[in-house]
Structures are given as C-alpha cells and as structure tokens.
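Down below is the structure, laid out as structure tokens.
Any read-out appearing in this document is the output of simple, stated calculations on the displayed coordinates, not a laboratory observation. Note that this is a predicted model, so its numbers are computed, not measured. Heads up, the Cβs are rebuilt from the backbone with ideal geometry, glycines too, and the neighbour counts pull from every protein chain shown.
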Amino acid sequence: PKKEDPEFIACMEDVLDVYELPYNPKVPVVCMDEKPYQLLGEVRDSWAMRPGDNKKVDSEYVRKGTCSIFAFVEPLGGRHHTSVREHRTAVDWAEEIKYMVDEMYPEAEKIILVMDNLNT
C-alpha cells in the first residue's frame, strides 16, 4: 500500500486502536483468518541415510485435493481454535462464526472480530 494513501492509513489506525484495547473477557477481541491448503501425499517414503543424519525427503508428491483452514485467535485471552473444512463458502464461514459465538464465547456480551475480506 502507498504511504500517501489516507484511506489506508485511517483503516490501519482503526485496526491498531482495536489491538490496543485492554483485555475484557466479556468483550473479547478475536482475530479470524482462513486459507486454502493443498493436501499432498509422498510418492516415496522419506528415510534417514545413517543414524544421526537428517531425514531425506523426495520432492515429488501426489496431489490429494485441497481443504480450507479456519483459525480464531484471542491474543490477550490466550485462546485459539483451528478447524479444517472441505470448502470455503459463505455457509462454511457462517458456521465457523456460529461455533465461535455459541461454543467459544457463550458468556460474551459482545465479540470484536478482526478479519480480512473473505471472498465468499
């Protein structure tokens, strides 16, 4: 991003202000992210040449598909949750948010969620 971009600077400062909030278990600040991940299998098993040597790993692999990883982190509360899903749709995202609200923070009065723009 350009340093001269006032809109970017304003948005960045908003996020930094959120990160400076004091810890409040009733209003947790939770960071959420997701990413696609390739599932790879080995063509040949890895092996050690001699005891004490590094393990040798072949660079050839077999594609086994993809999945999506969702992660929630509450830095000040020391909590985190990671889940793996087959897809990364708006429904998957909504189900992850529901899990966070219902299972991770049922006693919260409000949850401040920091996240990027999911493209679903």
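Between LEU40 and CYS11, how high is the FRET efficiency from 1/(1 + (r/R0)^6) when r is the Cβ-Cβ distance and R₀ = 35 Å? Nearest 0.05. Efficiency for this residue pair is about 0.45.
Residues SER59, SER83, SER46, arranged from fewest to most other Cβ atoms within 10 angstrom of their Cβ, appear as SER59, SER46, SER83.
Projecting the Cα atoms of TYR61, ASN24, LEU39 onto the dipole axis of the chain, where Lys and Arg carry +1 and Asp and Glu carry -1 at the beta carbon, places TYR61 farthest toward the positive end.
Given in Å, the Rg to one decimal and the Dmax to the nearest whole number for the Cα atoms of segment 24-114 are 19.0, 58. The 3J(HN,Hα) values that the Karplus relation (6.51, -1.76, 1.60; θ = phi - 60°) gives for segment 65-76 are, in residue order, x, 9, 8, 10, 10, 10, 9, 10, 9, 10, x, 6 Hz. Gly and Pro appear as x.
In terms of its C-alpha gyration tensor, segment 1-63 has a prolate overall shape, because the principal axis ratio a/c (a ≥ b ≥ c, square roots of the eigenvalues) is not below 1.5 and a/b outweighs b/c.
The long axis of helix 6-19 is offset from the longest Cα principal axis of the chain by roughly 90 degrees. Estimated from helical segments only, the mean residue ellipticity of the chain at 222 nm is -6000 deg cm²/dmol, where each DSSP H run of four or more residues counts as -39500 (n - 2.57).
Across segment 79-89, computed HN-Hα scalar couplings (Karplus, 6.51 cos²θ - 1.76 cosθ + 1.60, θ = phi - 60°) run 10, 8, 8, 10, 9, 10, 10, 5, 10, 9, 9 Hz from first to last residue, x flagging Gly and Pro.
Give me the net charge for the shell around GLU34: Cβ to Cβ below 10 angstrom, other residues only, Lys and Arg +1, Asp and Glu -1. Summing Lys/Arg as +1 and Asp/Glu as -1 gives -1.
Among the chymotrypsin sites (Phe, Trp or Tyr not before Pro) within segment 1-43, those in coil by DSSP and having at most 13 neighbouring Cβ atoms inside 10 Å are TYR23.
With a Förster radius of 35 Å applied to the beta-carbon distance between GLU95 and ARG50, the computed FRET efficiency rounds to 0.10.
In this simple spin-label model, placing a label point 7 Å from the Cα along the Cα-to-Cβ direction at both ASP58 and VAL84 gives a separation of 2.2 nm.
Taking ARG79, ARG44, ARG63 in turn, the Gaussian network model of the chain (Cα-Cα springs below 10 Å) assigns the largest fluctuation to ARG44.
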